[in-house]
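The values are calculated or read from the model by the stated rules, or taken from the named source; none is laboratory data. Predicted model only: the values in this text are computed from it and were never measured. With ideal geometry, Cβ positions are generated from the backbone for all residues, glycine too; neighbour counts draw on all protein chains shown.
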Amino acid sequence: MAPANSPVLADTARTILRVALGAVFLAHGWQKFFEFTIPGAQGAFAQMGVPAAGVAAPVAATLELAGGALLVLGVLTRIAGALLALEMLGALFLVHISAGMFVEKGGMELVLVLAAGAAAVALVGPGRFSASGLLFGRASGRWASIAA
């Protein structure tokens with residue numbers, strides 16, 4: 001078994017977090033576009049009291065779909081992670097925090113975990129097992145760290 005501070009374990013952990021998180025975001029973006037549709041998502045956002053729901057819903061859908069795909073692939077991971085974390089913090093404070101913790105009551109547990117995971121990915125980057133890792137190796141230099 002590899003030592004606890006092994007770079008392979010760290011890269012594996014980053015990959016697991018990044019891919020799982022990206023899949024959830026991608027699914028939610030897909031749902032807003034193709035199941036609810038954008039007009040349906042706009043109506044739901046308005047009903048939840050989200051300001052500028054007509055703009056917020058398509059922006060959220062696009063960010064979740066594209067950002068989720070970028071996380072899965074490991075491309076522009078830090079940027080996607082940061083934007084997704086900010087989106088989830090907005091959802092947390094605008095909609096979910098007043099309903100308490102548990103999701104079955106509309107609470108914050110899912111958006112809190114998604115915000116924390118996206119922030120963690122933004123901070124640590126994608127790791128070597130990603131498209132950025134394959135293209136740039138370990139992030140060295142300005143472009144590689146931004147692209148990661």
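Some points to look at:
- Residue that is modelled with the highest pLDDT, among those in the range 109-148 that are among the β-branched types (Val, Ile, Thr) and surrounded by fewer than 16 Cβ atoms within 10 Å (Cβ to Cβ): 113
- A residue that is among the β-branched types (Val, Ile, Thr) and either assigned to a helix (DSSP H, G or I) or within 25 Å of residue 130 (Cα to Cα) (or both) occurs somewhere in the range 59-69.
- Of all residues making up the range 40-61, the number that are without any contact (Cβ under 8 Å) to a residue 40 or more places away in the chain, touching a helix residue (DSSP H, G or I) at 6+ places or on another chain (Cβ under 6 Å), of a type in the set (A, V, I, L, M) and surrounded by fewer than 19 Cβ atoms within 10 Å (Cβ to Cβ): 2
- Criterion: more than 17 Å from residue 111 (Cβ to Cβ), without any contact (Cβ under 8 Å) to a residue 40 or more places away in the chain and among the charged types (D, E, K, R) - qualifying residue of 35, 64: 35
- Verdict on residue 41 being closer than 27 Å to residue 131 by Cβ, assigned to a helix (DSSP H, G or I) and out of contact with any strand residue (DSSP E or B) (no Cβ under 8 Å at 6 or more places or on another chain): no
- Residue 101 meets the conditions (1) modelled with pLDDT of 95 or more; (2) more than 27 Å from residue 34 (Cα to Cα); (3) part of a helix (DSSP H, G or I) in every case but one. The failed one is (3).
- The listed residue being hydrophobic (A, V, I, L, M, F, W, C), modelled with pLDDT of 95 or more and farther than 22 Å from residue 23 by Cα, out of 59, 50, 72: 50
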